[in-house]
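Below is one structure; the comments refer to it alone.
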Amino acid sequence: MRWLTQDSAWVILTGLIPVALACAVIEILVAPELVDLLARDLAQGVASSPPYVEGVIFVSTLTICYLSLCIALLGYYCAGFARSALPRSAKLRLVSAGIAGWFAFLCLLIGSSQLDLQIYSIAYGSILAIYQQAGDPVAGAMTGAVAIPGVSRHLLSVFLPTAGGVAAVCAASCHGIALVDKARTDHAKAKEVVDDLVRSIVAMSGLLVGSTLLIALYLRLPARLYGVGEIADQRVSAYLDFANAVTILWGTILVLTLAALYLPHALAVRSLAGVSLGQILTASEEKASSRWGSLKKLEVAVAAVAPLLAALATTFA
């Protein structure tokens, strides 16, 4: 377990493993022909409609709130990391690794279109086909370039929140490494470190729940392009089945992301303390403190699966 208790920069990358795993599994299991069939089917019966504009405004508002949350968590994690007792050289190494991981992920996101990955075709390309089928003004507004050549509003609607979310994940990993270092240098502070770790997990879970809700609304936005009437209602119902399936997929990926992000830090603290994290939470003999420790355990358990629960909840909306 010694490798877990060191300030290894590679630990920052563990939070990105679930997305890479999802890309690999979907690339193997989902045939391109089936994705093309799905995209053609979803684009049937689509036309520009005024209610779509209302949906864009609503999603834009949620994106602003989400980016604000990302900035707030970045400040929280970076402040905790900056105040830590890690040597300056270790801080610089970890910050460099975090920035490199963030940049590499965004390059992969942009490059996924060129690589023609199936996860890109399903979650982004299918909706792009719907916008193109809708005709102007929706097609021109969503797929045409904006301030940056080759970058559309549709791409920015995905890129901006993703960039903020991944930055928060990388910062959280640096903060987690600092917490492990605190437990290593002073074993008596194990209880304090575990409490900080719980707060970090809950905060990140809240951000990932926000990610899930934003994904769900992004996927539901094209449903406003099917118009009204009995046939349109059938098309909307079929489209929402697709949106629900992709939302649950991402909810699952985000739950795994939370686990991959904090499990190495939790195992490291457990190894350093010599007892389980649950025992640390309920270390006091006082009954009230014991109950408080049990509540903390429940809080972590709920936080761990909250993104998937949010995804499932949106299927009933």
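Where a number appears in this text, it was derived from the coordinates with a stated rule and is not lab data. As the structure is a computational prediction, the values presented were derived from the model and not from experiment. Note that each Cβ is placed from the backbone with ideal geometry, even for glycine, and that neighbours are counted across all protein chains shown.
Observations on the model:
- Using a Gaussian network model of the chain in which every pair of alpha carbons under 10 angstrom is joined by a spring, one finds that among GLY210, GLY229, GLY164 the greatest mean-square fluctuation is at GLY229.
- Label point distance in nm, ALA72-PHE58, each placed 7 Å from Cα along Cα→Cβ: 2.2 nm
- Exposed loop positions in the chain were taken to be GluC sites (Glu not before Pro) whose DSSP state is not H, G, I, E or B and which have at most 14 other beta-carbon atoms within 10 angstrom. Between these positions, the longest stretch is 1-284.
- Average Cα contact separation per residue, the chain, under 8 Å, 6 or more apart, as relative contact order %: 30 percent
- Against the rule of thumb 2.2 N^0.38 Å, how large the Cα Rg of the chain comes out: 1.11
- The relative contact order of region 13-171, computed from alpha carbon pairs under 8 Å that lie at least 6 residues apart in sequence, is 42 percent.
- Net charge dipole size for the chain [Lys, Arg +1 and Asp, Glu -1 on Cβ; Debye, nearest 20]: 1180 debye
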